[in-house]
Amino acid sequence: MSVNVKIINELKNFITQSATQTELRELFTNSKKDFSRDRKLGFERLVIN
């Protein structure tokens, strides 16, 4: 596996974890309401999938 693919996979895992785990998400937000909207085309669907 090339180095670039490893980096992309690790970044994808980190983004997925930070989007789903509330404790980790709190480290990167100022308020509990930040990034809390339920959108039809949410971050995970647009960026991760």
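Nothing in this text is a laboratory measurement; each read-out follows from the coordinates by a stated rule. It should be emphasised that the depicted structure is a prediction, and the values quoted were computed from it without experimental measurement. Counting neighbours? That spans all protein chains shown, and the Cβs are built from the backbone with ideal geometry, glycine included.
Quick one: if the Förster radius is 22 Å, what FRET efficiency do residue 5 and residue 44 give, using the C-beta to C-beta distance and rounding to 0.05? Mind dumping the intermediate values first?
Values: r = 20 Å, r/R0 = 0.92.
The formula returns an efficiency of 0.65 here.
Candidate cross-link partners of residue 32 among the aspartates and glutamates, defined by an alpha-carbon separation under 15 Å and a same-chain spacing of 8 or more, comprise 23.
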